[in-house]
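Beneath this line is the structure, given in structure tokens, with notes to follow.
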Amino acid sequence: MAHDGLVLHHLDHLVLTVSDIDATVRFYADVLGLEARTFGGGRTALHAPGWKINLHEAAAPIAPHAAAPTPGSADLCFIVDRTLEEVERRLADGGVAVELGPVDRTGSSGPLRSVYVRDPDGNLVELSVPHGEQGAS
């Protein structure tokens, strides 16, 4: 099938509108292991190899921004580099409750085994291991 238009290659970053940047950093950095970095005049981003999440505070959104930037409106799925058993232990150690899972899901590259949690703003966060890579979970 021929494509005459733009072909997207990969995601560089996404933006989360949050009510409390510090609480968001604690969740994504301390519990999930992303690296918090400051850039561009005091802005905050959460980094992983090859991508990042920029944080915009709801009380002061950075232009340009989504039409209706709202904390808690995202539904995100991340592939983890641990077993789900290790993920569940880390979540428990961080005081984060599993809302659903482990359950089978379908990701962009095939079947996944996932658990679902909520970040401090109520965004749904799916943490997934591709089938065949679950190890002990």
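The values are calculated or read from the model by the stated rules, or taken from the named source; none is laboratory data. It should be emphasised that the depicted structure is a prediction, and the values quoted were computed from it without experimental measurement. As a convention, Cβ positions derive from the backbone with ideal geometry for all residues, glycine included, and neighbour counts pool all protein chains shown.
Below are the figures for this structure:
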quantity	calculated
Unique match (being in contact with a strand residue (DSSP E or B) (Cβ under 7 Å, 6 or more places away or on another chain), among the aliphatic types (A, V, I, L, M) and under 20 Å from Leu11 (Cα atoms)) among Leu91, Leu76	Leu76
Leading residue by the ranking (modelled with the lowest pLDDT) among those in the range 47-64 that are closer than 11 Å to Val18 by Cβ and either part of a strand (DSSP E or B) or of a type outside the set (A, V, I, L, M) (or both)	Pro61
Residue selected from the range 91-105 under the condition surrounded by fewer than 17 Cβ atoms within 10 Å (Cβ to Cβ) and under 17 Å from the mean Cα position of the chain (by Cα), by the criterion farthest from Ala29 (Cα to Cα)	Arg105
Any hit, the range 25-41, residues being surrounded by 14 or more Cβ atoms within 10 Å (Cβ to Cβ) and of a type in the set (S, T, N, Q)	no
Hits in the range 8-38 - residues which are farther than 17 Å from Leu76 by Cβ and modelled with pLDDT under 95	Leu8, His9
Residue match in the range 26-46 (condition: farther than 16 Å from Ser128 by Cβ, assigned to a loop (DSSP other than H, G, I, E, B), touching a strand residue (DSSP E or B) at 6+ places or on another chain (Cβ under 7 Å) and of a type outside the set (S, T, N, Q))	no
Filtered residue count, the range 52-77, keeping only those that are surrounded by 14 or more Cβ atoms within 10 Å (Cβ to Cβ) and under 16 Å from the mean Cα position of the chain (by Cα)	10
Members of the range 104-126 that are under 19 Å from Val18 (Cβ atoms) and among the hydrophobic types (A, V, I, L, M, F, W, C)	Val117, Leu124, Val125
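One line per residue, one yes/no per condition, for (1) out of contact with any Leu (no Cβ under 9 Å at 6 or more places or on another chain); (2) of a type in the set (Lys, Arg); (3) touching a residue at least 40 places away in the same chain (Cβ under 8 Å); (4) on the phi < 0 side of the Ramachandran plot:
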site: Asp30; (1), (2), (3), (4): yes, no, yes, yes
site: Thr44; (1), (2), (3), (4): no, no, no, yes
site: Ala97; (1), (2), (3), (4): no, no, no, yes
site: Leu124; (1), (2), (3), (4): no, no, yes, yes
